[in-house]
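Here the structure comes first, spelled out in structure tokens, and everything after it is commentary.
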Amino acid sequence: MSETRDQIARQVRGNPGIHFNELTRTLDLAPGQVQYHLRKLERSDDIVEESLYGRTHYYTPDYGTWERGALAVLRRETARDILVCLMANGPSAPNEVAEGVDIARSTLEWHLDHLVEQDLLEKERDARNHVTLVLTHPEETARMLRLVEPSIADRLVDRFMRLVDGLLEEPTNWEY
């Protein structure tokens, strides 16, 4: 195996769920060069590719479907913050989580859709149809959280999205 391919494989092993752009930034390689070696690594079954939510993520073959989906979602800072909030506070109402994470309710719902889709949490409804957010696999989720170390670029993108959401959120207390 070439030195560049070894470097890419090591990066994927050390950062399961890393997405393509982060891989090229971290390794300071040209996108075409990374694509070429990723195809070779996929053909030899050394890595697995999964596209979720607008990003292509890479894993070693020992990660199952649930783990790959969980890691892809957890690469986003806001999704991680939501899960950490639920781990710290237990089952919670969506408004409490939105306030605890300091995000707009619409942003929370966008992330909740993905977290529910990847079976990281569920929305339980009571007799009055009030929603409570509950972690579905707390121990496994904690293990997945320990594997994800976001890059500065990913953090900046997530924080920019939060800023824009906050600016676009409808004000509730207009004073005239």
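The values are calculated or read from the model by the stated rules, or taken from the named source; none is laboratory data. Model, not experiment: these values are computed from the prediction. All Cβ positions, even for glycine, are placed from backbone atoms using ideal geometry, and neighbour counts span all protein chains on display. Keep in mind that these areas ignore ligands, DNA and RNA; they rest on the heavy atoms of the full protein, side chains included. Shrake-Rupley method; radii C 1.70, N 1.55, O 1.52, S 1.80 Å.
Consider the range 39-71 and keep the residues that are more than 14 Å from Leu112 (Cα to Cα) and small (Gly, Ala, Ser). The one that is modelled with the lowest pLDDT is Gly54. Taking the numbered list (1) surrounded by 13 or more Cβ atoms within 10 Å (Cβ to Cβ); (2) at positive phi; (3) without any contact (Cβ under 8 Å) to a residue 40 or more places away in the chain in turn, Gly54 passes all entries but (1). The selection criterion, being surrounded by fewer than 17 Cβ atoms within 10 Å (Cβ to Cβ) and on the phi > 0 side of the Ramachandran plot, holds for Asp119. The set of residues in the range 94-117 being in a helix (DSSP H, G or I) and small (Gly, Ala, Ser) consists of Ala98, Gly100, Ser106. Taking the listed residues Val97, Val73, the one that is open to solvent by less than 60 Å² (accessible area, probe 1.4 Å), within 30 Å of Arg5 (Cβ to Cβ) and either touching a residue at least 12 places away in the same chain (Cβ under 8 Å) or touching a His at 6+ places or on another chain (Cβ under 6 Å) (or both) is Val73, with no other qualifying. Determine the pairs where a residue that is without any contact (Cβ under 8 Å) to a residue 24 or more places away in the chain, located within the range 131-142, has a partner that is open to solvent by 50 Å² or more (accessible area, probe 1.4 Å) and not polar (S, T, N, Q) with Cβ atoms under 6 Å apart, the partner being 6 or more residues away or on another chain. Listed pairs, sorted by first residue: Thr136/Asp119; Thr136/Glu122.
Cβ-Cβ contacts under 9 Å between residues 6 or more apart (or on different chains), taken from a first residue in the range 9-25 that is on the phi > 0 side of the Ramachandran plot and open to solvent by less than 20 Å² (accessible area, probe 1.4 Å) to a second residue that is assigned to a helix (DSSP H, G or I) and charged (D, E, K, R), are listed as Gly17/Glu67; Gly17/Arg68.
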